[in-house]
Amino acid sequence: MYQTILFDLDGTLTEPSQGIINAICYALRKMSRDIPTRETLLTFIGPPLKDSFEEHLGLTSSEADLAIAFYRDYFKEKGLFENRLYPGIRKLLTALRQDGRQLILATSKPEVFARQILDYFDVAHYFDFIGGASLDTSRTQKGAVIAYALQASGVNTPEQAIMIGDRKHDVMGARENGLSSIGVLYGYGSRKELEKAGADFLVDTVEALQILLQKED
């Protein structure tokens, strides 16, 4: 049984597409840029924003920084709340706390926004630590966020910890820190992406995730 469980946020605990897409579109309109397809917009969910603006839209580093500033202007006022918990998440978190597990959030979303989202859905109290990216971009990559969350939580037995997420960045970040990983297929990463990244387990639903986590080793 894994004693410490780290969760990603977007695509793992919450379905955030409306708020994220609206914030990206707001930023691009402010910069007089064309709006890409919904398929492209959905690829922004999970990875660091700057990477996505540069990789998928061809923005320069300085242009990506400006886009992020506009994105956050919208997101902090509206996008945060254009979001919903996946069905079954509250039940899952309750069960894990009753089992005495240590629960940690590790997200590439800025920590200040992550806290607001968990508070909004009244689930922040389930977590022993809420860790996210820094607003100054000094901590944005998933491996760095996981390392920060583990250190801040006093976790020094990575073999007893597992990371749960929906994108390759979650799996790769877990491996960087010596953690096992679970890829969730109800989020935004494909089976192919998560298998290629090396996820130790894959689950299709929140219910299957709960069964796996409560299963004795």
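The values are calculated or read from the model by the stated rules, or taken from the named source; none is laboratory data. Owing to the predicted nature of the structure, the values given are computational and were not obtained by experimental measurement. Don't worry about glycine lacking a Cβ; one is built from the backbone with ideal geometry, like all the others, and counts go over all protein chains shown.
Within the range 178-217, being free of Cβ contacts under 8 Å to residues at least 40 places away in the same chain and surrounded by 20 or more Cβ atoms within 10 Å (Cβ to Cβ) holds for S181, I182, G183, L194, A197, A199. Highlighted here are the strands (runs of 3 or more DSSP E) found entirely within the range 161-217 that include at least 1 residues which are of a type in the set (S, T, N, Q): 180-184.
Of the candidates P158, P110, the single residue that is under 24 Å from G178 (Cβ atoms) and either assigned by TED's automatic domain parsing to the domain that holds D204 or in contact with a strand residue (DSSP E or B) (Cβ under 9 Å, 6 or more places away or on another chain) (or both) is P158.
Taken over the range 71-102, the criterion of being touching an Asp or Glu at 6+ places or on another chain (Cβ under 7 Å), assigned to a strand (DSSP E or B) and surrounded by fewer than 19 Cβ atoms within 10 Å (Cβ to Cβ) is satisfied by R84 alone.
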